[in-house]
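I have a structure I would like to understand better, so I am pasting it below and will then ask my questions one at a time.
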Amino acid sequence: MRNRQMIVNWLLANSSAIEVRRRDNKTYYVMVDATAFRSGVASLLAGVQRIKSEGDYSAAKELFETYGVHFDPELRDEIVARVDALDLPSYTGFVQPRLEPVEDGNGTIIDIRISYPQDLTAQMLEYADLTKATRDRFRAAAS
């Protein structure tokens, strides 16, 4: 969950997009400026893309050490207690809908048909096949 913490903490430190508010002994992170949020996320994404493209390990480590690793234990305890009270799992999986274009006689997309044709396991296996097929196409094109 460090990735989510890094994003929020980076936005708190580098933009005016988010405010931390307390009410009834509960902490809330409130997006107060959508424009600043989009701008901040764009700036962070540009930095992350640079780090990835250059393989800048020290910058990645600094980014996560600064914004993603350290946390407030009191806030963690509050969140754990709030989530425990809901009796929900930390992570969930769900079946994504299948979106299929509906075309007119000229091939123009005029609608999208939505279906849920499979279970989660079948969908993950289908995604794995698509990923392998895409990877194979890229390898073939590169050779």
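The values are calculated or read from the model by the stated rules, or taken from the named source; none is laboratory data. In this text, all values refer to a predicted model and were calculated from it rather than measured experimentally. Using ideal geometry, Cβ is built from the backbone for each residue, glycine included, and neighbour counts are taken over all protein chains shown. In case anyone asks, the SASA skips ligands and DNA or RNA and just uses the protein heavy atoms, side chains included. Shrake-Rupley method; radii C 1.70, N 1.55, O 1.52, S 1.80 Å.
Could you list, in sequence order, the residues of segment 26-59 that are touching a residue at least 24 places away in the same chain (Cβ under 8 Å) and either under 16 Å from the mean Cα position of the chain (by Cα) or open to solvent by 60 Å² or more (accessible area, probe 1.4 Å) (or both)?
K26, F37, S39, G40, V41, S43, L44
Which one of the conditions (1) open to solvent by 80 Å² or more (accessible area, probe 1.4 Å); (2) in a helix (DSSP H, G or I); (3) touching a residue at least 12 places away in the same chain (Cβ under 8 Å) does E62 fail to meet, given that it meets all the rest?
Failed condition: (3).
Filter segment 65-100 down to residues that are more than 15 Å from W10 (Cα to Cα) and among the polar types (S, T, N, Q) and give me whichever is surrounded by the most Cβ atoms within 10 Å (Cβ to Cβ).
The residue in question is Q96.
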